[in-house]
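The values are calculated or read from the model by the stated rules, or taken from the named source; none is laboratory data. Since this is a predicted model, take the numbers as computed values, not measurements. Neighbour counts are summed over all protein chains in view; Cβ atoms, including those assigned to glycine, are modelled from backbone coordinates with ideal geometry.
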């Protein structure tokens, strides 16, 4: 039997989120991998923009996973805020320490 | 579905808000915590523990950016990206499994869960192959901080995926029972599995791409 | 359980002082040995030994020799050699309480106790003897002192294998326990302890940074989480003893049956 029966796979919000996640994964893969292999001599300073974009994409992806896959969008406010506060903290801590430490 | 059918776990204080008679829309905000409150306690704490690791990594990386960049470029971004897609797909399948469980389609839920778990096993095999190639080329942990972070992060994540596979197996056995099954347990297992996915997304960005 | 043979009344013997007639006296003695042990642990490792928080692995040879031949370290290791066994009382108590769990295989509690006993060797006793040898043999060559110093700390911080299994067995037992003797979140808490303990694995490789044996991740984070876990565990152990029904104790003879 078809394991995807009755799930309306193409109208399903979960599938849309998944497609977006895969697309952003490929985008950040292109950004962080192949395109910059040439730039081995580049200064870390110059790379900061690329790094920020990559981290931002990761944060957006994590937010989507939390919101739609972990169903936090339907959770009480304290959990939604805890998750968002965590995401924001990760972005600030990682980029802040990377830039200013 | 009544709370009395919860065999593995006493219904937590939040699960009394579980959906009423089967078929109520799962997408409607009903302000409850999926699974068990204890699982969310674990997830949030675990994420903060990993945040401490990430903070140390970002700090150390800023000290010697070129050495870290060189280490990073010696990893296979292609395999990392492929593994990310594997885990994202696995997460989708587990999320669909939960949807099927809520519709009381337990056979279908088991099929989806089995596919999701198989992708998890594939992730582990690829990760092990990646380690093997690195170690064959000479134990790289001696050659700098980056590879210590690489092996610690991927190793801890590997452990989390393995634990997740154990949990998914327990969920599978639960879904096999003739009774309505324990919805809270399926939800908690799914939450854990998505957390593993979540951690990989940020580890992939930090180690392979940043 | 032979509850039919035991009368419902707790049967307190009035001829003895109140404390001695407490039917859980044995368990309470074991319980209060836990704070006694940890206070001694603090005196030995923090105040006398200066082993916690650990000094840096990258210390100069002269400083290492000074550390190893300190008279306070010798007092610490003597105290340690004499008092480590107190921990066995705690293990006995854990075994007694884990026996009350329902639907949990006895294998888990026997494994828990065995692995705790084995883990105490590399985690506590080996470093004690390394430091003792250094402290009582000041005539040793400086290189040998450095080796004893490294070996002592690598045992102390790097002894993770046994404790990881200890946390795992405890977590599984709490998950399976139908009686909910310990709360579920404590089981998840012990998985955090496991994760933060694992991070001490690279102490064998690095001498500086967060993964060295005095590092932020290898030592401080793991220790903070472990102290919090141990505190919660002790609190729930207290609760478990307190709420244990007297009928369950299985006393051989009740005072009012004499």
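Quick notes on this one:
- When residues of segment B:66-84 are limited to those that are facing chain A (nearest Cβ under 8 Å) and surrounded by fewer than 17 Cβ atoms within 10 Å (Cβ to Cβ), the one modelled with the highest pLDDT: B:78
- Taking the criterion of being more than 7 Å from every other protein chain (Cβ to nearest Cβ), assigned to a helix (DSSP H, G or I) and surrounded by fewer than 22 Cβ atoms within 10 Å (Cβ to Cβ), the only residue of segment B:56-65 that qualifies is B:63.
- Output for segment A:1-29, where each listed residue is more than 9 Å from every other protein chain (Cβ to nearest Cβ) and at pLDDT 85 or above: A:16, A:19, A:20, A:23, A:24, A:27
- Among (1) without any contact (Cβ under 8 Å) to a residue 12 or more places away in the chain; (2) under 30 Å from residue B:186 (Cβ atoms), the one test that residue B:148 misses: (2)
- When we screen A:94, A:65, A:90, A:72 for residues that are at the interface with chain B (Cβ under 8 Å from one of its Cβ atoms) and more than 13 Å from the chain's Cα centre (by Cα), the only hit is A:94.
- Scanning segment C:48-86 for residues being outside any loop (DSSP other than H, G, I, E, B), touching a residue at least 60 places away in the same chain (Cβ under 8 Å) and within 18 Å of the chain's Cα centre (by Cα) gives a total of 0.
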